[in-house]
Amino acid sequence: MKSRILLTALLLISSHVLANDLSVVYQAASTTPLDNPHDLKLSPDGKYLFVSDLGNNRVVLLDPQTLAFVSSFGSDHQSGTHDVDFDAKGLAYVADTHNNRVTIYRMGGTRATLTGELTGRVRGPEGVLIHSNGRVYVAGAWSGNAVAYENGKVVKELKGLSSPHDLEETADGNIWLSDSGNSRILLVSPDLEILRELSRKTYDFNGVRYLDLLDDGTLVAADKNSHLVKFIAADGKLILVLGSGKRDEGPDKFATPEGVEVSGNTIWFSDSGNDRVVKYSINRP
């Protein structure tokens, strides 16, 4: 009850004001035809915003500034595209969910060449993270686990999850993991040991999905079924809620939001139920 009161108070006070006088301001929405877009990832060179266009079984590249369509790939072999990440060599790893694999692509500008895949111990992979330690972490939504691959082989596994989705690395090398079916977020070690829990009871999560981090460690979480995006400071304080709390469309409004990507003073969200990507700016004092 206390968490619900806090959320309501935050929504009434402001839908876009952060602590310390920071503000989040709506900038633009995409017009490219998308079908239930999920997680987002900026390319290593910053030129393209990669969008997991789930309903069209492909990855779409948008201009990150204008959100204009640039190109797409994967529709001839992907099924249920959910997430994208890049390794240090610039290879793109895509959660090809319905094919029970992570596909690996060599990117040449906007052209993608399929070069390999990761399979084993996960079903319905919906989240993929390329960690600074070189491991590839994958969340198996259908198998209820998270695994770490090293040189193509599973070396660590966390079982007992419910529809886990995203994984995001923290500044100190730990990993935030959204345990979506349990409406909670876990902090785990690189060996997938649970260190901390952000619970449904405290944050009123309802099917929390994809995540990203601001440069100060603030966690940004798309809370799908509440139609909200929640910002949680490194100390655990809920400092911002975006959305009306119901299925809606417009600035600061969402319908089942899924994806989050942060770069500097810009944040992009997949407003999945409205089949669009939206862009916000962070204004710093």
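The values are calculated or read from the model by the stated rules, or taken from the named source; none is laboratory data. Since we're looking at a predicted model, the values are computed, not measured. Here the Cβ is made from the backbone with ideal geometry for all residues, glycine too, and neighbour counts use every protein chain on show.
Out of (1) outside any strand (DSSP E or B); (2) closer than 17 Å to PRO125 by Cβ; (3) within 17 Å of the chain's Cα centre (by Cα), what's the single condition that is false for LEU192?
LEU192 satisfies every listed condition except (3).
Of SER199, SER226, SER180, which residue is within 13 Å of the chain's Cα centre (by Cα) and modelled with pLDDT of 95 or more?
Values: SER199 fails: within 13 Å of the chain's Cα centre (by Cα); SER226 fails: within 13 Å of the chain's Cα centre (by Cα).
That would be SER180, the only listed residue that is within 13 Å of the chain's Cα centre (by Cα) and modelled with pLDDT of 95 or more.
So for the stretch 106-124 (the condition being out of contact with any Leu (no Cβ under 7 Å at 6 or more places or on another chain), within 18 Å of GLU258 (Cα to Cα) and of a type in the set (D, E, K, R)), does at least one residue qualify?
Looking for residues that are out of contact with any Leu (no Cβ under 7 Å at 6 or more places or on another chain), within 18 Å of GLU258 (Cα to Cα) and of a type in the set (D, E, K, R), one finds none in the stretch 106-124, hence no.
Could you tell me which numbered condition LYS41 fails, if it satisfies all but one of (1) outside any strand (DSSP E or B); (2) crowded, with 20+ Cβ neighbours inside 10 Å; (3) basic (Lys, Arg)?
Failing condition for LYS41: (1).
Any residue in the stretch 134-154 that's touching a residue at least 40 places away in the same chain (Cβ under 8 Å) and farther than 12 Å from ASP179 by Cα: show its pairings with residues that are among the acidic types (Asp, Glu) and not in a strand (DSSP E or B) at Cβ separation under 8 Å, as long as the two are six or more apart or on different chains.
If the second residue must be among the acidic types (Asp, Glu) and not in a strand (DSSP E or B), the pairs left are VAL136/ASP87; ALA148/ASP191.
So how many residues does the stretch 272-285 have that are modelled with pLDDT of 95 or more and either farther than 16 Å from THR218 by Cα or crowded, with 17+ Cβ neighbours inside 10 Å (or both)?
The qualifying residues number 9.
Restricting attention to the stretch 198-227, which residues are assigned to a helix (DSSP H, G or I) and of a type in the set (Lys, Arg)?
Here is the first cut: in the stretch 198-227, the residues assigned to a helix (DSSP H, G or I) are 200-203, 224-226.
Result: ARG200, LYS201, LYS224.
Considering only residues that are of a type outside the set (A, V, I, L, M) and either more than 12 Å from ALA222 (Cα to Cα) or touching a residue at least 40 places away in the same chain (Cβ under 8 Å) (or both), which ones fall in the stretch 254-271?
Of everything in the stretch 254-271, those that are of a type outside the set (A, V, I, L, M) and either more than 12 Å from ALA222 (Cα to Cα) or touching a residue at least 40 places away in the same chain (Cβ under 8 Å) (or both) turn out to be PRO257, GLU258, GLY259, GLU261, SER263, GLY264, ASN265, THR266, TRP268, PHE269, SER270, ASP271.
When you scan the stretch 91-109, do you find a residue that is loosely packed, with under 14 Cβ neighbours inside 10 Å and within 26 Å of THR170 (Cα to Cα), even just one?
no
Name the single residue that is farthest from the chain's Cα centre (by Cα) among those in the stretch 56-70 being outside any loop (DSSP other than H, G, I, E, B) and in contact (Cβ under 8 Å) with a residue 40 or more places away in the chain.
VAL70
Can you name the residue in the stretch 239-271 that is among the aliphatic types (A, V, I, L, M) and farther than 18 Å from THR170 by Cα and, of all such residues, is surrounded by the most Cβ atoms within 10 Å (Cβ to Cβ)?
The qualifying residue surrounded by the most Cβ atoms within 10 Å (Cβ to Cβ) is LEU242.
Under the condition of being charged (D, E, K, R) and closer than 18 Å to ILE267 by Cβ, which residue from the stretch 48-90 is surrounded by the most Cβ atoms within 10 Å (Cβ to Cβ)?
My answer is ASP83.
Would you check if ARG247 is in contact with a Pro (Cβ under 8 Å, 6 or more places away or on another chain) and over 16 Å from VAL220 (Cα atoms)?
No: the conditions fail for ARG247.
Can we say PHE205 is surrounded by 24 or more Cβ atoms within 10 Å (Cβ to Cβ) and touching a Gly at 6+ places or on another chain (Cβ under 7 Å)?
It is false that PHE205 is surrounded by 24 or more Cβ atoms within 10 Å (Cβ to Cβ) and touching a Gly at 6+ places or on another chain (Cβ under 7 Å).
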